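Below is one structure, written out as structure tokens, with a few remarks after it.
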Amino acid sequence: MRLVPLRYTVRSLVVRWSPSLFSALGIGLTVAVLGGVLALREGFRSLLAETGSDDVVVYLRPGAQSEGESIVRHPQDTNVLKARPEVVVEGNVPLAAAESYLGLKLPRTDGSGTTIVTVRGVEIPVSMRIQGPKWRLVEGKEPRPGSDEVVVGRPLTTRIVGCKVGETLTFNVTPFKVVGVFVHDGAYASEIWGDVDRICAALERPFRQRLVAKVKEGTDVAALEKQLESDKQVPVKAQTERAYFRAQTTALGNVLQFLAGILTTLMGAAAVLGAVNTMLAAVGARTREVGILMSIGYRRFPVFFCFLVEAAAIGLVGGVLGAVLVLPFNGLQTSTTNWNTFTEIAFAFRVTPTILATSVVVAVVLGLLGGAVPAWRASRLVPTAALRRL
Amino acid sequence: MTLARLVLRNATRRPVRSALLVLFTALSVFLACFLRSVLTTMRSAIDNASGDRLTVQSAVSLFAELPASYRDAIAQVPGVASVNRWTWFGGTYQDGRVFFPRMAVDFDVLFRQYPEIVVPEAQRAALLANRRGCLVGRGLADQLGFAVGDKVPIQGTTYVRPDGKAWEFEVAGIYDVAPDAVFNPKVFFLSWDFLEEVRRVSPEAAAAGARVTLYMLRVAPGYEAADVAGAVDARYATGPTRTHTQTEAAFRAERLASLGNVTALFGWIGAAVVFAVLLSVGNAMAMAAAERSRESGIVLALGFAPWAVARLVVAESVLLTGLGGVVGAGGARLAAGGLRRVFAEILPIFSVEWATVAAGIGGAALVGVVASLWPATRQAVLRPLEVLRRGE
């Protein structure tokens, strides 16, 4: 069975360039919105989920979903955990730190009220050592152990009042001096770090929220998790840092996924209707041509296929337009609230090849859906009647 | 033939295309109304808050608690009529995938401070008598199938049972929210007395001491809310834990702000939707108008003014998009209840205001005008002779 040459499809598209382009744009906008929301979700997810280490273990209270609701008794439980056999020891010091965590209300520099910033009490310098090369000081110095000094994550210096080196932040009623700025290639990038004992004293919190430790190579964390869950002495939930952060993305991730779903469904349905309109008009305007195609020997299927390809081509152009629209968002800095912890977190949109491919595929599918009925109608035309028209 | 009949004839000449255009506009308007309603529902929660209720939280953090000893001192502040101790209980229900807030309160004070929480008298008495009794919202009861008398296991996280098992509560009451009030219908309230019991059986909870997440005050008649708030905060300005007292409206606004910049995100999406509608309507009208070039030429040749031709196109476009607007916005209003049920997890409260319906219809009609301007102009500037000679 001979197919209608592709050249015919392409030339038809070019001749009717304006309606074709408009339908393509409609589809393009739909997949651009889809791609934008997915890029937002991906940027957020990759910051948290892909930067946690597999050789760092986080110990929380059993049942706690996040650091915020975890309580580890200090010093009785933290000392027991630090002495565990899987923890790496350097010199005589175990690479394990009992840390505190609290989201504090701090004023934004743009005057738009307060936001919630994570203040982490850390053991200096062990907590920094556990993070290794991912944590780097870029300005000033590290806080001295036992002092009322803090270092702040770089995104905070411009967004939060009092976060420049030399300035003072007041936690409850205790002033802390900002002595340095750090960067972290991951989830700790938008935090404030200071000595855990001093911060817990200022915030009147006798407990710690978690213990974090570097574990020896080859440690089976899954087995460890099972073993510690039912530990008689200190029951804890042990998980890798990567697994912990992945779990922290669920709330916002689900909302964005839901948003992407509903937007794609509704906007996609609307775009399909637009494409149906364009293709119906295309078929209507070419009734005579269809009649000619059929009378020179093309069967019903090639005619159907020919119009379907045309619709798919419109979808493809739309998908490419959508991808072009969404590409500039790549790397764009934004900040949002992590709904698992309600703390603000800065990250960048991430337009991955997968997202681009998804956009293009969805666009082609939308085009095909829009083209199916008109193409079928074209293939049902009776040649003699079609030729007689006009 | 009047203008109206001419427009109607044109609009029904290609019924499939017109129907598609109406349907397309309706879908887009529905989406835009849905997005706007999420925002207006949030705003109505703030507007609807009571002016004489104040919240007292830690000035340091939303997650830091206040000493339980503050209650008696706050009650002494002039202008404070009553004080309730709202305390975050935390914990997980089943596998933790279904989330709902769990709060310990003094039930007698809750009923006095919140007339919009409607509970039958017998259930109120049962709640005051039963330390393990809990009060759940109608929305939560419907979602999880709770009925009065059911047992609800909650695995403790902050308040852990010494044997590690789940705490067991009994549904003693189900509250409805008064019709014109805005209150989360999915809260799980338990008794403050239950926390006292936890502290008796768990040495760990006892060691942590009694803490309160937020104090809810009612301002006595004749006092200014701002004065009372100032007096409470002044009392603790130097510690031990500083307080931040604000009206319930400000408190709700703060909680919503903590969800991040939803307004901007929805604004962007809304703009994309409107632009997509513009393109598609413009496209359809351009096709419709192009098919009728010959007729337009005849009308012009008969001596009608160019704007008479243009207004036919504009009127047809507005008719179709306006109809789409009515279907989409009206549909959103009718579907509000269903949407609330489907998206129960994310939107505990959700309603579509009449203002949103009006904005949807008006917006659709406006898009109809704008999108048809270009095709209409092209019809108006046709040269009659040329068109007629083309023989289309």
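Readers should treat all values here as calculations from the given coordinates under stated rules, not as data from a laboratory. Just so you know, these numbers come straight off a predicted model, no measurement behind them. All Cβ positions, even for glycine, are placed from backbone atoms using ideal geometry, and neighbour counts span all protein chains on display.
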If I take every Cα pair under 8 Å that is 6 or more residues apart in the range A:56-216, average their sequence separation and divide by the length, what percent do I get for the relative contact order? 34 percent
Angle between chain B longest axis and helix B:354-380 axis [Cα atoms, degrees, rounded to 10]: 20 degrees
Net charge of Cβ neighbours under 12 Å - reference B:Leu3; Lys, Arg +1; Asp, Glu -1: +2
Hz values of 3J(HN,Hα) by residue in the range B:200-208 - Karplus curve (6.51, -1.76, 1.60), Gly and Pro given as x: 6, 8, 10, x, 5, 5, 5, 5, 5
For B:295-308, mean number of other protein chain Cβ atoms within 10 Å: 0
Amide H of B:Phe169 versus every other amide H placed in the peptide plane: which residues, excluding those fewer than 5 positions away on the same chain, fall under 5 Å? B:Val152, B:Ile154
Shape verdict for the range A:140-217, please, from the Cα gyration tensor: rounded (a/c under 1.5), prolate (a/b greater than b/c) or oblate. oblate
Just grab the label-to-label distance for B:Ala207 and B:Asp176, each label 7 Å out from Cα along the Cβ direction, in nm (one decimal). 4.8 nm
In chain A, lysine pairs closer than 14 Å at Cα, eight or more apart or cross-chain: 7
Report relative contact order for chain A in percent, whole number only (criteria: Cα-Cα under 8 Å, sequence separation at least 6). 29 percent
Exposure-ranked with fewest Cβ neighbours within 10 Å first, A:Val351, A:Val93 stand as A:Val93, A:Val351
Burial-style ranking of A:8-15, B:206-213, average other-beta-carbon count within 10 Å with highest first, yields B:206-213, A:8-15
Summing +1 for each Lys or Arg and -1 for each Asp or Glu, what net charge is found among the other residues whose Cβ lies under 14 Å from the Cβ of A:Pro5? +1
If each residue's Cβ is checked for other Cβ atoms within 10 Å, how do B:Tyr114, B:Tyr93, A:Tyr59 rank with the fewest at the top? B:Tyr93, B:Tyr114, A:Tyr59
Row for the range A:60-155, column shape: gyration tensor on C-alpha, a ≥ b ≥ c, rounded if a/c < 1.5 i.e. under 1.5, prolate if a/b over b/c, else oblate; value oblate
Residue separation times 0.36 nm, minus the C-alpha to C-alpha distance between B:Asp108 and B:Ala231: what's the value? 41.8 nm
Mean other chain Cβ within 10 Å across B:271-281 is 6
FRET efficiency (A:Ala83, A:Ala222; Cβ distance; R0 25 Å; to 0.05) is 0.70
Helices from chain A with mean Kyte-Doolittle at least 1.6 and a Cα length along the axis of 27 Å or more, per DSSP H: which? A:300-326
Kirkwood-based shape ratio for the range B:65-240, expressed as Rg/Rh from alpha carbons: 0.98
Using only the Cα atoms, work out Rg/Rh for the range B:1-142, with Rh taken as the Kirkwood radius, to two decimals. 1.24
Only counting other Cβ atoms within 10 Å, I'd like A:Lys214, B:Lys151 sorted with the fewest neighbours first. B:Lys151, A:Lys214
Among bridges DSSP assigns within the protein assembly as shown, what percent are antiparallel (round to 5)? 80 percent
